[in-house]
1. If you place +1 on the Cβ of every Lys and Arg, -1 on the Cβ of every Asp and Glu, and leave all else neutral, what size is the dipole of the chain about its Cα centre, to the nearest 20 Debye?
2. Please report the antiparallel percentage of DSSP beta bridges with both residues in the chain, rounded to the nearest 5.
3. Have a look at SER363, TYR344, ILE53 and report the one farthest towards the positive end of the charge dipole of the chain, computed about the Cα centre with Cβ charges (Lys/Arg +1, Asp/Glu -1).
4. If packing is taken as the average number of other Cβ atoms within 10 Å across a peptide's residues, how do 397-404, 117-124, 238-245 rank, most packed first?
5. Using only DSSP helix segments of four residues or longer, with each worth -39500 (n - 2.57), what per-residue ellipticity at 222 nm results for the chain after dividing by its residue count and rounding to 500?
6. Which semi-axes, in whole Å and largest first, does the equivalent ellipsoid of the chain have when worked out from the alpha carbon gyration tensor as the square roots of 5 times its eigenvalues?
7. LYS337: which aspartates and glutamates have alpha carbons under 12 Å from its alpha carbon, excluding same-chain residues fewer than 8 sequence positions away?
8. Beyond a 28 Å Cα-Cα separation, which of these cross-linked pairs lie in this structure: LYS348/LYS442; LYS442/LYS535; LYS139/LYS461; LYS171/LYS207; LYS75/LYS104?
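Every number here is computed from the coordinates shown, using simple stated rules; none is lab data. Since the model is a prediction, treat every value here as computed from it, not as a measurement. No Cβ is skipped: glycine too gets one built from the backbone with ideal geometry, and neighbour counts run over all protein chains shown.
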Amino acid sequence: VGNRVLGIRLSGTIALALIAMLSFASAASAKDEYLQAVKYPDRSVYSCRTDAIPIYPGQNMNLFGATSTCPHAKKLAGSGPDNPFNSSAQGFVTRFKPSMVELKPSGKLVTPSVWDLHLHHVVWLRPNGGPTFASGEEKTIASMPEGYGLKVAGNGNWLLNYMIHSLNASKGRQVYITWQIDWVPASSPTGATMKDTTVQWMDVAGKHVYPVFDARRDYDLDGDGNFTFPDDVPTDPDLPGYQERENISQTGNWTLNQDRTLVFASGHLHPGGKHVDIDVSRDGPDAGTVPGDTPSETKPIFTSRARYYEPAGPISWDVAMKATRRDWRIALKAGDKVTTHVTYNVSKSSWYESMGIMPLAVSAPGDPAAKDPFDDAADVKAMYDEGGILTHGRLKENIDSHARDDLNLPNPKNLKSGNKLPKSGIKIKGFLFDPGGFSAVKSFPTKLMHPPVIHTGDTVKFTNEDALPNTPDSSQAWHSITSCRVPCNRGSGIGYPLAAGQLDVDSGQLGYGTGLGDSGVTTGSNVYVTPPYTKPGTYTYFCRIHPFMRGSLRVKK
Ligand SMILES: [Cu+2]
């Protein structure tokens, strides 16, 4: 190795030390730890899947359906029965690994890439007990610690809430939602001593069926690059971010009505998200009687951190979440209040329709390993400081392969102006903005890309003709108009384009969602009018739902 490193002349000793540091850094990052399944003698592992789910061009529907504990069960390992899921005999689910596969016309099963077909969310709900297991594209594996499981009937009925997002206009595709479960029969020796759990669903924005909020760059009032929901939502109506107040939900808080033990937790967030946190408040000997009314009455109990494999940082789904470790047990008392927080990085981009969820596996008190955040504060602090553990490594399907590819498209800023924009504005039809729209594909004709012209102070009207009123949700394609930074002409993915234009412009999803889950996803209109453009220049925008859809416009004095 020469001693000219990074263009700086270094002494041999310093160069060697630098090389040693660099190789240590890469070794450390390669040494992620993963949560291992508890291998009980009475455990068997099964694969389960839904029936085929049709995918409509560009769909982003939030749907509900019926399912059972393990449809189309196939035993993968263990000495249990081939299919315990057609009997009412109970068992414990001790591990739950979700995914989605595409059923190709040839019959082949392929896990689709996140930039193509994307598992936005799927939640398994018990008909009387609410949500239990859940997944987004991060595909966290829920894995109970030794001695704990979720007790259900083999042939139990479940509801499925799922949103599968097609990022393109392709037709005729079908997927299965899949899950792999570790199953311990309740009648087995292991099952006889196993403790049941329930799931306490902690959702910062769970007021609506589609529980989302926005995290915009201008919400960062203290300039630290982060926006924590709901803590950083201002109470002053004149401050940016105040509009998110309506999304704050009591579902982010849980006041216990009996003593309980927490045994497992793992967070869910979206690109841009950094961590989901829970803390617990208990009233102390102060004058007030409200848990958390002085800072000493609140203790952090777990931070689920996002581990981004994405080289560009927290901007894509190339991420895995940290879950609690095997020995994590938190003893809580009746009256304790658990609170959820989620933090997004808003220094690079604004994030729309963001989530912050932390399902907690909860059991009866009495586990001798459980520690009380106040009575055993040092033990709980040590558990907290140790942090979480990943449940799986990097997923090939989450690699944002085409984001930022050079497509040899011109920079809209350098294009000659197009015509003056008519009053009718810009139409969206067939997944194309017109005039001034383009598709992020190589050799898109430049002659269609010329930016239409408006004048300072003008607004722009967009009409989404791919979503017509009084048509089925499945025949509509919902589009957004979201500002991106010029040139906005590179390859599409999750991490490109980013909602990082000169102005924060976002229309929401234009369309007429009518289903229970869909009505909150769309704006209920196919028309959007932008705020006035006050400064001359060339502006670019894209569709967040179908990021290959781009467009530009030019503002003149
Ligand atoms: Cu779109």
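1. It works out to roughly 2500 debye.
2. DSSP beta bridges in the chain are roughly 90 percent antiparallel.
3. Of the candidates, ILE53 comes out farthest on the positive side.
4. Going by the mean number of other Cβ atoms within 10 Å, highest first, we get 117-124, 397-404, 238-245.
5. -2000 deg cm²/dmol, from helical runs alone.
6. 42, 29, 26
7. Candidates past the 8-residue exclusion: ASP259, ASP279, ASP283, ASP293, GLU297.
8. Correct reply: LYS442/LYS535; LYS139/LYS461; LYS171/LYS207.
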